[in-house]
Amino acid sequence: MDGAWYKEWDQGRQFIIKIKPGEKLRDRLSAFALQSGVKNAVIISAVGSVRHAFFRGIKAGAKRPITEPRMRQHQMDGPLELLGLEGNLITDDRGEIDCHLHIMLGKSSGDVVGGHLFDAEVFASCEILLTEMVVQGVERHISKSAGTPTIFISEE
Amino acid sequence: MDGAWYKEWDQGRQFIIKIKPGEKLRDRLSAFALQSGVKNAVIISAVGSVRHAFFRGIKAGAKRPITEPRMRQHQMDGPLELLGLEGNLITDDRGEIDCHLHIMLGKSSGDVVGGHLFDAEVFASCEILLTEMVVQGVERHISKSAGTPTIFISEE
Amino acid sequence: MDGAWYKEWDQGRQFIIKIKPGEKLRDRLSAFALQSGVKNAVIISAVGSVRHAFFRGIKAGAKRPITEPRMRQHQMDGPLELLGLEGNLITDDRGEIDCHLHIMLGKSSGDVVGGHLFDAEVFASCEILLTEMVVQGVERHISKSAGTPTIFISEE
């Protein structure tokens, strides 16, 4: 298809994951994938609260590829309500699980902040619902033109 | 698994729910669960608009458990675009459906606000897509250490 | 059910869609639906980055129906992190796919903005996960009382 690629995937197992206070989101999702044998998955829902959230935004006016001087990093100690965690877990070109996660967080003022997630620690609770994707020919590796790890579909 | 629990669930029925203007989100979701016989479910998508949104954030620097003096409550009359509604419906220890909902709302300024949802009223429309989870050994009750109702998985 | 309607749908195919830099989100989703034969679908996840985002909010104090003087439009050049894309694709009363999309975007400041999406252009990457809904008797057309295209369920 011009301008886009698409591919069907089969639904695998579905999981509820509860992460303990004090644990890191990305670490625990990677450990979950390793232990359960999940190779590819998508997050369908997440609610809870976090602290020590470390994420980035892209500077206005930046060009591609997204390099470090074109990003702005944020560290927020919180605690903050975990309002949204979007993303997917895809096996990369070294056979390792790569979590691409974006986070949205509620401050006590009611304002919402967020960005591309490096990591965050669970504060009081964290409930994640996730669907395993059974698919061949999908892989994540660095895109030179984008500057970030990106899904590649074998038909590309 | 260290630092987290996980459990598989089976996908049940899938529903589209349209809530009328003037109705409360939480009330209608609870009534839907009662009438359809859904015991556990996860929201996969919601779009629409709301007014009289009542939600909370956690104060910066707060400690666990999350008690009322450690929260800040917000009442926003709006109307506001309903940009995200994340959460799940889980049967609690009294056999009643407990909706854990986080909301994200767009102001006319373009700024996004949100938090842990107490309730909100549908303004012009509200379209919710929801998946029933068929699972045993998952229950919600108050966590003393977190201060909030939390999912408990029987293996814990 | 008083105050709401609901209807079961069957899960159809599931797709991963990768949209190229420089392409418009809404255009590519519509083209995908046409090419794949998808009539109704729901977005379950989206991550990436966009620029030239054009969206609207509802003015505080506005009444129904939502008419143009009651909205405020925003054009943001970005680039911005794509933190959330919520919505559904439903066939309308003329047999055409209508995408109802709400977007949430992260600025370099960490602040999140968003609203009802007119359109946005992919910046570095865009990964969308989508589920086909197989359902009869669901259609989108303009609601006179809401002022916006809205899902109608045949039982209404």
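The values are calculated or read from the model by the stated rules, or taken from the named source; none is laboratory data. Not measured: the values here are computed from a predicted model. Neighbour counts are summed over all protein chains in view; Cβ atoms, including those assigned to glycine, are modelled from backbone coordinates with ideal geometry. To get the accessible areas, we keep the full protein, side chains included, count just its heavy atoms, and leave off ligands, DNA and RNA. Shrake-Rupley method; radii C 1.70, N 1.55, O 1.52, S 1.80 Å.
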(request) State in Å² the accessible area per residue of region B:12-79; use a 1.4 Å probe, count heavy atoms of protein chains only, and round to the nearest integer. (result) 41
(message) I need the GluC sites (Glu not before Pro) found in region A:5-99, filtered to DSSP loop residues with at most 13 other beta carbons within 10 Å of theirs.
(response) A:Glu96
(message) Taking the Cα centre as origin and putting +1 on Lys and Arg beta-carbons and -1 on Asp and Glu beta-carbons, what dipole magnitude results for region B:1-151, to the nearest 20 debye?
(response) 420
(request) Taking the Cβ of B:Asp27 as the centre, find all other residues whose Cβ is under 11 Å away and add up their charges (Lys, Arg: +1; Asp, Glu: -1). (result) -1
(request) With springs connecting C-alpha atoms under 10 Å apart, model chain B as a Gaussian network and identify which of B:Gly48, B:Gly137, B:Gly114 has the largest mean-square fluctuation. (result) B:Gly137
(request) Could you work out, for region B:110-156, what percent of all Cα-Cα pairs fall into each 5 Å distance bin, beginning at 0 Å and stopping at the bin that holds the largest distance? (result) 5, 11, 13, 21, 16, 16, 11, 5, 1
(request) Quote the total accessible area buried by chains C and B together, excluding ligands, DNA and RNA, probe 1.4 Å, nearest 100 Å². (result) 3900
(message) For peptide C:132-144, what's the mean number of Cβ atoms from other chains within 10 Å of each residue's Cβ?
(response) 1
(message) Counting only protein heavy atoms and a 1.4 Å probe, tell me what percentage of the protein assembly as shown's accessible area is made up of carbon and sulfur.
(response) 46
(message) Using the crude model of +1 on Lys and Arg Cβ and -1 on Asp and Glu Cβ, and no other charge, please compute the dipole size for the protein assembly as shown relative to its Cα centre, in debye to 20.
(response) 1460
(request) Would you mind checking A:Lys20/B:Lys7; B:Lys18/C:Lys59; B:Lys18/C:Lys24; B:Lys59/C:Lys107 for any pair whose Cα atoms are more than 20 angstrom apart? (result) B:Lys18/C:Lys59; B:Lys18/C:Lys24; B:Lys59/C:Lys107
(request) Work out the mean other chain Cβ neighbour count within 10 Å for the residues of B:35-42 and drop it here as an integer. (result) 2
(message) I'd like the Karplus ³J(HN,Hα) series for region B:13-28: coefficients 6.51, -1.76, 1.60, θ = phi - 60°, whole numbers in Hz, and an x wherever there's a Gly or Pro.
(response) 6, 10, 10, 10, 10, 10, 9, 6, x, x, 8, 8, 4, 5, 4, 6
(request) Return the whole-Å distance between the Cα centroid of region C:71-101 and the Cα centroid of region A:86-156. (result) 22
(message) Could you tell me the extents of region B:76-156's C-alpha atoms along the three principal axes, largest first, rounded to whole Å?
(response) 46, 28, 18
(request) Give me the net charge of C:Ile17's neighbourhood, meaning all other residues with Cβ under 9 Å from the Cβ of C:Ile17; Lys, Arg count +1, Asp, Glu -1. (result) +2
(request) Taking the rotation that carries A onto C, look along its axis and tell me which residue of A has the beta carbon nearest to it, distance in whole angstrom. (result) A:Val112, 2
(message) Can you tell me the mean projection area, over all orientations, of the convex hull of region A:13-145's alpha carbons? Units nm², please.
(response) 8.7
(request) Would you kindly derive the ³J(HN,Hα) couplings of region A:81-91 from the backbone phi angles with the Karplus curve 6.51 cos²θ - 1.76 cosθ + 1.60 (θ = phi - 60°), listing them in order in whole Hz, with x for Gly and Pro? (result) 5, 7, 9, x, 9, 10, x, 9, 10, 10, 6
(message) Restricting to Cα pairs below 8 Å that are 6+ residues apart, what does the relative contact order work out to for region B:98-156? Please round to a whole percent.
(response) 20
(message) Counting only other residues whose beta carbon sits under 11 Å from that of B:Ser45, what net charge do I get with K and R as +1, D and E as -1?
(response) -3
(message) How high is the relative contact order of chain C? Use alpha-carbon pairs under 8 Å, at least six apart in sequence, and give a whole percent.
(response) 36
(request) Write down the Å³ per residue value for the convex hull defined by the alpha carbon atoms of the protein assembly as shown. (result) 126
